[in-house]
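The block underneath contains the structure these notes are about, expressed in structure tokens.
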Amino acid sequence: MIHHVKKEPKVTICRRCGGNGHILGKNGQKEICPQCEGSGRCVVSCDMRVNIEPFKPEKA
């Protein structure tokens, strides 16, 4: 059975930088977060198909 899951866009705190807009670079210096581009926020949405099948032990 295939389900279609869609979530509308919403603004969330950037998970990569924790919402502060900066991350530590390889040299230990503060750098602008490449994911949120320094804003500390991201727009997140989802559009996917999920296939759910019953578990049948004889097939495993």
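The values are calculated or read from the model by the stated rules, or taken from the named source; none is laboratory data. These figures come from a predicted structure and were not determined experimentally. Reconstructed Cβ throughout: ideal geometry from the backbone, glycine too, with neighbour counts over all protein chains shown. Only protein heavy atoms, including side chains, enter the accessible area calculation; ligands, DNA and RNA are left aside. Shrake-Rupley method; radii C 1.70, N 1.55, O 1.52, S 1.80 Å.
Which residue pairs have Cβ atoms closer than 8 Å, lie 6 or more positions apart in sequence or on different chains, and pair a first residue in the range 1-21 that is closer than 13 Å to Cys46 by Cβ with a second residue that is hydrophobic (A, V, I, L, M, F, W, C) and in a loop (DSSP other than H, G, I, E, B)?
His3/Ile52
Looking only at the range 1-29, which residues are under 17 Å from Arg49 (Cα atoms) and open to solvent by less than 50 Å² (accessible area, probe 1.4 Å)?
Val5
Is one or more of the residues making up the range 30-52 open to solvent by less than 80 Å² (accessible area, probe 1.4 Å), modelled with pLDDT under 95 and not in a strand (DSSP E or B)?
Within the range 30-52, none of the residues are open to solvent by less than 80 Å² (accessible area, probe 1.4 Å), modelled with pLDDT under 95 and not in a strand (DSSP E or B).
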